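This report refers to the structure that appears directly beneath it.
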Amino acid sequence: MENLSALDPRGPVAEMQLDLIMLSLYVMIFVIIVVFAIFTYVLVKFREKPGDTHIPKQVHGNRALEFIWTVIPIILLLILAVPNVMTQFTLADSGGADDDVDQELIDEDEEAEDVVRIEAHGHQFWWEFIYPDLDINAGQDMYIPTDTRVVVELEASDVIHSFWVPALAGKTDNVPGITNSLWLEAPEEGVYYGKCTELCGASHWLMDFKVLAVDPDTFDTWAENMAEPDEELTEPEGEVAVEGREVFENNCIQCHAVGDEGGPVGPNFTNFGERTVIAGFLDYNEENLVDWIRDPDSLKPDNEMPAFDENTISDDEMDALVEYVNELKVLE
Amino acid sequence: MSNSTAASKKSVLYDWLTTVDHKKIGIMYFFGGLFFFTIAGIEAMLMRIQLMFPEMGFVGEQTFNELLTMHGTTMLFLAAMPLFFAFMNFVVPLQIGARDVAFPFINSLGLWLFIFGGIILNISWMTGGGPDAGWTAYTPLSTTSGGHGVDYYVMGLQVAGAGTLMSAINFLVTIVNMRAPGMSMMRMPLFTWTTFVTSMLILFAFPALTIGLLLIMLDRIFGGAFFDVALGGNVVIYQHLFWIFGHPEVYILILPAFGIFSEVIPTFAKKRLFGYTAMVFATMIIGFLGFMVWAHHMFTVGMGPVANAIFAVATMAIAVPTGIKIFNWLLTLWGGRIKFTTANLFALAFIPSFVLGGVTGVQLAMSAADYQFHDTYFVVAHFHYVIIGGSVLGIFSATFYWWPKMFGYRLSETLGKWFFWLFLIGFHLTFFVQHFLGLMGMPRRVGSYLDGQGLNEMNFISSMGAFLMGFAFILLVINVLVSRKNTDNVQDPWDGRTLEWATTSPVQEYNFAQTPLVRDLDAFWYEKMEGDGRMKAAEPLDDIHMPNGSILPIFISLGFSILAFGVIYSQWWLMIVGGVFMFSMMFIRSIKEDHGYHIPVSEIKKEKGEG
C-alpha cells in the first residue's frame, strides 16, 4: 500500500523524527495540562458571584513563584533541546556533496560501496532522478534497494522545490545554485509517496513522485536495464508497437529519452510502462494517457509539455503510441 | 488666533481627510483595517471552498496561488497591523495623559500611506491577477513570476511599509517625551509598553523588508541579477532578508495583543497586574530574542547542522518569557473577582488558545523534527493558532473594551457573546484538525489534494469551521450597527484602571482639559481607591494649543502611489510625475509656516459644563 504519513514511519530517519515529535508532544501535553488546570480552577473559583462587591487584594507579584515558572520551562526545554541537537547532527551526516569531509570519508570507506547516490532534480512540475554512479536517468519514480543507505542530493533547475517522502524522511529544499543532501533508508519493500512542499507555481500541488523500495537483486536488474537496456526490452513487439515507436521518434523523443536516445527536457521514458500514474498523479490507463497528450495544460497548468492535437498525432497514431509506451519496461 | 470651530466650518468629509487628531486617525485605521480584514477573510473562504472536497475545480490553480498570497499579505500588513495601530493611536496618548502624538502630521501621513498601499495591492486583482508567489515572495519564483502581480506586491508593500515605519517612530517619540507628570516608564500601562517595544521592532525590522523588496524590484524591472543563479546570484539571501524582517513581524503582531490582555484581564479581575516588572522585562526579552531566531523558518534550506542547532535552541528560549507572561496572567486572575464580559471572554479564551499555538511553536523549533513539520498544514495550524488565538482575539477583545471610549456607545453584550462563542468554536474547528493533516502528508499552499489519501474528512471539517468563523464575523458587523442606542454609562463602563477612562466618552479634541498628575501605576484606579475618584491636575486651566489639519498627507501619499505605478509598469515619465508631485508637496509642507491654533479657556469650561 502506498504510504503518505509522517505518523507511520517506514525507515530509520522518519522513525527518529517521529520519536522527537512524540517526545515533544508528551512534554507539551504536560504543559497544556498544568496551564489548563490552573486556568479552569481560577475561572471557577474566582468568578464574580451575584451580590459580591468586594475589592480583591491588589497583589504586586511573588518572587518565588516567578522564579519557579522561569526555571521549570528551562528544564523542560533542555529535555527537548539535547536530543534535538543530537538527531540534527545524525541527520546531517549524510555524506552528501555539501559536506566535504564526509564525502572524502565515503569515497575512501569500503562501506561506501553500499551507498546509493541519487541526484534528485526538481523541475516545474516533475522530478528527475539521476544515479551518477550507475549512469541512470529516471523520471518520476525513484527506485531504491531495501536496507541500503541512500544519499539524495537535491538540485533545482528553475525555482525552489522541496523533496519530501513523509514515511521515509523529512524534507529538504531543492535550491537553484545550491546542492543540498539528505539520507534515507527503507528496510521494507514498498511504494512511498513523495511530494514537493515548496510553492513552485501553478501546479505545485501536482508535483508528486514515488519512491519504490525493492529488494537489492531486483534493484540491480532495474539498474542494469535502465543504464543499458537490452535490445529485447527496447525493441517493440508487434506491428502496432513498431508504428508507435515511429510516432514517438517523430514527436516525443526530443524531450523524452528511451535508453540513451532522446532529450532530457521531460521525464525519461525507459521504464514508462511500469509507472502507476501519469504525470505524477493521473491513474495509469489508456484514456488518461491520451487525454494528457492531447491537452497537458488543462490537467497540469503551466507545465512545459506542448499539446498534441489530432493534426499532429492522429487517433490511429495515438493508439500505436500508447501501445509502444505501455511496453517500455525494464523489470520483466 | 482661530478656534476649534474653524474645523467645523469645513465639511465633515474634508475634516476627516485632513485631520491630524490621533483619535480620528485611530478610528480611520480601525475601519481601514476592518475593510481589509473582510477582504482577506473572503479570500480565506474562497480557499476553504476550494479545499472542501478533493480535486475541486472551484478556483483554478493560478487563482488559488493568488488567493493564498493576497490572504496572507492582506491579513498581516493591511488588517492585523492597522487594527493594532488603530488602538495604539487612539489609546496610547490617552493612557500617558498626552494631548496628541509627537508628530500629528506624520501620523496622518502614515495612515494615508497605509490606505494607498492597500489600494495599490488590491488593484492587482483588476489588472490581470494578484501576486502569486506567497506572502513570503521567495525568489526565484517571485522574480520569474509572469504578469504584474508581484510588482503590485512589491510596490504596495513599499508604500504601506513607509507609513508603518514612520508611525512606529512617532509612537517611540511620543512615549518617550509626552508622558504626563508622574508617569515614569515603570508606571506606564502594559499596552503602552508593548506599543513601545513593538515600535522598536518595526523600526529595526522593516528596513530589512524594504531592502528585500527593493532587490526583487531591481531584478524584475531593471534586470538586476541578485537572485538569478545563472548570473551568479544567490536565492537564499532573499530568505534571510525576508525573515530578518518576517520573524520580528510575528512579534509585532503578538506583543500589542499581549498588551491588550494585560489591560483587559486586570480590569475585569479587579486586580493589579501580577508581576508588572516581570511582564515589562518579558516583553523586552521577547522583542530582543525575536531578532535572534529568523533562520528557524529556513531549517530545510540547507544551512547545515550547526546553524540549525543554534537557531533551534535560541527559538526554544522564547518559550521562557512567554511562559512567564501566561503564568502572570493566570495569577492576576487568581484571587480576583472575574467578570465575564465579552471583552474579557476574548482575553480569557486567548490563554488556552495561545498555549496550544505556543506548544506547537516549541515543537517546530526542534530543527530535526521540523524536517517533517516544515511547509505542511502543521505549520498552517500553528501560525493560525498564534495569530488568531493571539492577535485576532486581542483585536476583538480591544474592540469590545475600548469601543465606548472610541465611539461613545457600548456594543451589545448578548450579540457579543454569540459572536465570541461561534467565532471561538469555528476557529478551533478550522485549525485543530490541520495539525493532523500536515503530519498525514498535506503540504501547505496546495491548490487541492488527491482523493484517497485520507485527507478528505478533515479538510471538510476545516472548511465548515471556516464558514462558522465567517458567519460569526457578520454578527460583529450587525452588533456595530444595532448597538448605537447604548449611549449610557460610556465614560468608565468597566470600572477602568488607566487614564483613558478618566476622560469623557467620546473623547474631546484635546483629550484632557488639564494634564493629569500620575501618582501610581493604574493611575485612575489609585485615585478611585486613595483619592476622590478624579485625576489631580498637573497644570492650571489654560488655553490649549492644537495643531491644524492638513490635506498634504493625502497628496504626498498620492504622489508616492503614482510613482509606484510608474515602477510597476516601467514608465519613466510616470515615475517622474509622481516623484515631482510628492516632493513638491513635501516642499510645501516644509516652507509653510503653521503655528496651529488655540482653544480658549472659555470654551473648555463650556464643554466641562462649568461655563
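Here are the numbers for the structure shown:
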{"read-out": "Label point distance in nm, A:Ser314-A:Ile32, each placed 7 Å from Cα along Cα→Cβ", "value": "6.6"}
{"read-out": "Alpha carbon convex hull of chain A, projected area averaged over orientations, nm²", "value": "25.3"}
{"read-out": "B:Glu457-B:Ile237 pseudo-label distance in nm [points 7 Å out on the Cα-to-Cβ vector]", "value": "5.0"}
{"read-out": "Rounded to whole Å, sorted largest first: equivalent-ellipsoid semi-axes of the stretch B:337-487, Cα gyration tensor", "value": "34, 17, 11"}
{"read-out": "Within the accessible area of the protein assembly as shown (1.4 Å probe), percent carbon and sulfur", "value": "62"}
{"read-out": "1.4 Å probe accessible area per residue over the protein assembly as shown, in Å²", "value": "37"}
{"read-out": "In nm, spacing of pseudo-spin labels at B:His598 and A:Glu48 (7 Å Cα→C-beta vector)", "value": "4.5"}
{"read-out": "Diffusion coefficient, µm² s⁻¹, Stokes-Einstein with Kirkwood Rh over alpha-carbon pairs of the stretch A:217-257 at 4 °C and 1.567 mPa s", "value": "111"}
{"read-out": "Overall form of the stretch B:91-156 per C-alpha gyration tensor (a/c, 1.5; a/b vs b/c)", "value": "prolate"}
{"read-out": "Between B and A, accessible area buried - total, square angstrom, nearest 100, 1.4 angstrom probe", "value": "7300"}
{"read-out": "Neighbouring partner chain Cβ atoms per residue of B:317-325, average, 10 Å criterion", "value": "4"}
{"read-out": "Rounded to whole Å, sorted largest first: equivalent-ellipsoid semi-axes of the stretch A:19-91, Cα gyration tensor", "value": "38, 16, 6"}
{"read-out": "Two-decimal log10 I(q)/I(0) for chain B, as the Debye equation yields it once each C-alpha is a single scatterer, q = 0.07, 0.08 Å⁻¹", "value": "-0.43, -0.57"}
{"read-out": "FRET efficiency, B:Ser184 to A:Asp135 (Cβ-Cβ, R0 56 Å, nearest 0.05)", "value": "0.15"}
{"read-out": "D (Stokes-Einstein, µm²/s), Kirkwood Cα radius, the stretch A:162-266, 0.692 mPa s at 37 °C", "value": "194"}
{"read-out": "Taking the stretch B:337-487 and dividing mean pair separation by its residue count, relative contact order in percent (alpha carbons under 8 Å, at least six apart)", "value": "30"}
{"read-out": "Packing rank of A:238-248, B:517-527, where each peptide gets the mean count of other beta carbons within 10 Å, highest leading", "value": "B:517-527, A:238-248"}
{"read-out": "Largest to smallest principal axis extent of the C-alpha atoms in the stretch B:463-611, angstrom", "value": "66, 58, 31"}
{"read-out": "Dipole axis of the protein assembly as shown (+1 Lys, Arg; -1 Asp, Glu on Cβ), positive-most option in B:Gly97, A:Ile144, B:Phe191", "value": "B:Gly97"}
{"read-out": "Shielding of B:518-526 by partner chains, average beta-carbon count, 10 Å", "value": "1"}
{"read-out": "Near-label residues of the stretch A:202-245 by backbone N, under 13 Å of a point 7 Å along Cα→Cβ of A:Lys329", "value": "A:233-234, A:237"}
{"read-out": "Order of exposure, largest accessible area first, which applies to B:Ile120, B:Ile211 with probe 1.4 Å", "value": "B:Ile211, B:Ile120"}
{"read-out": "Calculated FRET efficiency for the pair B:Phe583/A:Ser157, C-beta based, R₀ 51 Å, to 0.05", "value": "0.70"}
{"read-out": "Descending semi-axes in whole angstrom, ellipsoid equivalent of the stretch B:564-609, from the Cα gyration tensor", "value": "44, 14, 4"}
{"read-out": "Mean projected area in nm² (Cα convex hull; one quarter of hull surface) for the protein assembly as shown", "value": "41.0"}
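The values are calculated or read from the model by the stated rules, or taken from the named source; none is laboratory data. Being a predicted model, the structure only gives us computed values, none of them experimental. Cβ: placed from backbone, ideal geometry, glycine included. Neighbour counts: every protein chain shown. Surface areas here come from the heavy atoms of the whole protein model, side chains and all, with no ligands, DNA or RNA. Shrake-Rupley method; radii C 1.70, N 1.55, O 1.52, S 1.80 Å.
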